1. Specify which of the listed residues (B:V134, B:V164, B:V153) is within 30 Å of A:V17 (Cβ to Cβ) and touching a Ser or Thr at 6+ places or on another chain (Cβ under 9 Å).
2. Residues that are surrounded by fewer than 19 Cβ atoms within 10 Å (Cβ to Cβ): list the strands (runs of 3 or more DSSP E) wholly contained in region A:123-239 that include at least 1 such residues.
3. Against the conditions (1) away from every other protein chain (no Cβ under 11 Å); (2) more than 20 Å from the chain's Cα centre (by Cα), where does B:L212 fall short? Just the number, please.
4. Determine which single condition A:I246 fails, assuming it passes every other condition in (1) part of a strand (DSSP E or B); (2) touching a residue at least 24 places away in the same chain (Cβ under 8 Å); (3) out of contact with any Lys or Arg (no Cβ under 7 Å at 6 or more places or on another chain); (4) not acidic (D, E).
5. What residue, of B:G84, B:G66, is small (G, A, S), touching a Cys at 6+ places or on another chain (Cβ under 9 Å), farther than 24 Å from B:G185 by Cβ and at pLDDT 95 or above?
6. Please pick out the residue among A:E47, A:E12, A:E57 that is surrounded by fewer than 15 Cβ atoms within 10 Å (Cβ to Cβ), farther than 30 Å from A:N144 by Cα, touching a helix residue (DSSP H, G or I) at 6+ places or on another chain (Cβ under 8 Å) and free of Cβ contacts under 8 Å to residues at least 24 places away in the same chain.
7. Looking only at region A:234-270, filter to residues that are within 28 Å of A:T181 (Cα to Cα) and in contact with a helix residue (DSSP H, G or I) (Cβ under 7 Å, 6 or more places away or on another chain); which one of those is nearest to the other protein chains (Cβ to nearest Cβ)?
8. With the structure loaded, tell me whether B:I77 is within 7 Å of another protein chain (Cβ to nearest Cβ), free of Cβ contacts under 8 Å to residues at least 24 places away in the same chain and out of contact with any Asp or Glu (no Cβ under 6 Å at 6 or more places or on another chain) or whether it fails that test.
Protein chains: 2
Amino acid sequence: MTIQNDGYFTEENSADVVAARNADAKDARLRDSVNILVRHIHAAIKEIEPTQEEWFETVMFLTRTGHMCDDWRQEFILLSDVMGVSMLVDAINNRKPSGASESTVLGPFHVADAPELPMGTNICLDGKGEPMLVRGRILDIDGNPIDGTKIDVWQANDEGFYDVQQKGIQPDFNLRGVFRTGADGVYSFRAVKPKFYPIPDDGPVGQLLGKLGRHPYRPAHFHYILEADGFESLTTHIFDPDDPYIHSDSVFGVKASLMAKFDLIEDPAAIAEAGFDGPFYLVEHDFVLARP
Amino acid sequence: MTIQNDGYFTEENSADVVAARNADAKDARLRDSVNILVRHIHAAIKEIEPTQEEWFETVMFLTRTGHMCDDWRQEFILLSDVMGVSMLVDAINNRKPSGASESTVLGPFHVADAPELPMGTNICLDGKGEPMLVRGRILDIDGNPIDGTKIDVWQANDEGFYDVQQKGIQPDFNLRGVFRTGADGVYSFRAVKPKFYPIPDDGPVGQLLGKLGRHPYRPAHFHYILEADGFESLTTHIFDPDDPYIHSDSVFGVKASLMAKFDLIEDPAAIAEAGFDGPFYLVEHDFVLARP
């Protein structure tokens with residue numbers, strides 16, 4: 001242990017004094033990351049000039065946020081989400097070349113072992129909600145179809161809940177499935193039109209959103225993870241551009257390129273061809289995967 | 001509820017998009033503080049470029065820190081302390097005119113109802129430790145004594161524990177007392193020479209300190225709160241400049257102006273005059289209070 005002989009702490013040199021104290025860290029990445037965070041947080045504090053009471057309120061907010069976390073609830077991830085931190089980390093880790101489809105946040109409701117299904121399967125297992133057909137192609141950046149792309153999809157039901165949030169109410173693996181493209185790169189599945197839903201807002205993060213004049217809703221979307229040999233995997237959503245919350249997603253997940261029109265199809269011939277027994281929503285969206 | 005029609009989130013405009021979303025907050029101070037924090041934390045993230053795994057490790061660190069907090073342990077205050085945040089907030093809230101004594105952190109061990117005692121009382125109730133006499137004057141910025149200053153002092157024992165940490169082992173109110181100056185501004189009390197001690201380091205913050213190559217020790221000190229009519233109150237410590245951790249206080253509380261020499265007095269006449277029965281440490285330190 002070294003006793004560092006650095007200068008004493010002052011308002012002016014505060015972040016430098018802390019960084020000097022971390023000089024003996026064995027993990028250079030940890031040291032640099034902590035020092036950068038300290039420098040920016042000290043700068044924020046100098047700009048805010050919090051009172052002692054405001055500092056203590058912040059301590060207690062973080063404490064309540066920690067106490068809200070358990071095996072089923074991650075309030076710090078919610079905090080990260082509503083402050084745009086999760087999306088920023090996602091953006092930094094998923095810079096794509098021009099023309100490739102963009103990523104967005106994974107979210108907490110993916111499950112690893114959803115069943116692999118024949119293309120075109122209806123993943124709505126309880127028949128509830130407005131029928132929807134989703135189809136499109138998986139392409140490379142030159143427009144060629146990608147053979148053998150694994151497509152993992154999941155979504156909330158039309159009441160805004162994922163199956164894992166309603167065990168015993170929804171069937172297991174409701175509105176989830178894994179599909180694999182052939183040489184034509186085409187995918188399709190049937191499901192139900194998703195609906196906006198709130199992130200969990202009964203904790204400290206929900207209270208903060210309320211004080212900031214914000215609602216907790218995410219616009220209607222469904223999730224994809226696309227994986228193909230020789231390409232970067234893509235974790236993303238597609239969104240309904242007509243959703244009332246499309247411009248105010250509580251977790252900032254929306255990107256202009258991730259919109260897909262939800263067209264209501266009422267033509268009897270089209271209904272029959274798609275295998276529905278009444279009007280349905282058609283969503284057509286292609287994805288472009290980037291090479292590493 | 002307004003649905004803001006701001007732009008979608010990108011890596012470049014991330015903090016502006018979050019700030020636009022907070023535009024409807026009723027509490028302007030909260031809104032501005034959150035927006036400043038978001039801007040600086042996003043800037044830190046852009047500089048660090050954390051992986052998804054590093055982001056998740058940070059979430060889990062904050063979660064463990066929250067879970068460590070209870071009625072007796074405040075791990076987020078420890079985190080604030082070891083990152084220099086507590087001292088920075090203290091510095092911002094206690095800017096003093098030139099010539100006035102400087103503040104430092106309150107710490108978690110002050111109690112509000114310590115007994116008021118006659119000047120010169122020995123506040124060491126269990127006779128353990130090396131005897132110490134502390135004395136000095138409370139002055140205004142022009143060097144005039146301040147009549148009626150309330151002096152609240154407390155310290156750890158020579159094993160590094162405060163009475164409230166060792167209920168049933170140390171007597172109640174051991175090494176605490178409140179004194180009040182007369183017209184001469186003079187104060188004095190007897191106690192024991194304090195020793196360095198670690199902040200609680202058996203939790204996530206202690207583990208982080210270890211990874212940063214840092215020890216958990218605070219150099220020997222004792223605490224003062226000084227209050228006098230017509231003056232700003234002063235919360236501060238005085239430190240032993242010969243302490244092995246004087247240049248590496250784990251919470252950055254040391255300031256050059258807060259040092260006081262701990263002189264070992266062995267002269268029999270001086271020992272008799274001070275009312276000790278053997279050698280003792282003499283600490284002489286004046287404080288200067290600022291007017292508001």
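The values are calculated or read from the model by the stated rules, or taken from the named source; none is laboratory data. Fair warning: this is a prediction, and the values are worked out from it, not measured in the lab. Methodologically, a virtual Cβ is constructed for each residue, glycine included, from the backbone with ideal geometry; neighbour enumeration extends over all protein chains shown.
1. Values: B:V164 fails: touching a Ser or Thr at 6+ places or on another chain (Cβ under 9 Å); B:V153 fails: touching a Ser or Thr at 6+ places or on another chain (Cβ under 9 Å).
None of the other options fit; the residue is B:V134.
2. In region A:123-239, A:131-139, A:150-154, A:176-180, A:186-192, A:221-227 are the strands (runs of 3 or more DSSP E) which contain 1 or more residues that are surrounded by fewer than 19 Cβ atoms within 10 Å (Cβ to Cβ).
3. (1)
4. (1)
5. Of the residues listed, the single one that is small (G, A, S), touching a Cys at 6+ places or on another chain (Cβ under 9 Å), farther than 24 Å from B:G185 by Cβ and at pLDDT 95 or above is B:G66.
6. A:E47 is the lone residue from the list that is surrounded by fewer than 15 Cβ atoms within 10 Å (Cβ to Cβ), farther than 30 Å from A:N144 by Cα, touching a helix residue (DSSP H, G or I) at 6+ places or on another chain (Cβ under 8 Å) and free of Cβ contacts under 8 Å to residues at least 24 places away in the same chain.
7. Here the residue is A:G253.
8. Numbers: within 7 Å of another protein chain (Cβ to nearest Cβ): yes; free of Cβ contacts under 8 Å to residues at least 24 places away in the same chain: no; out of contact with any Asp or Glu (no Cβ under 6 Å at 6 or more places or on another chain): yes.
Criteria not met by B:I77.
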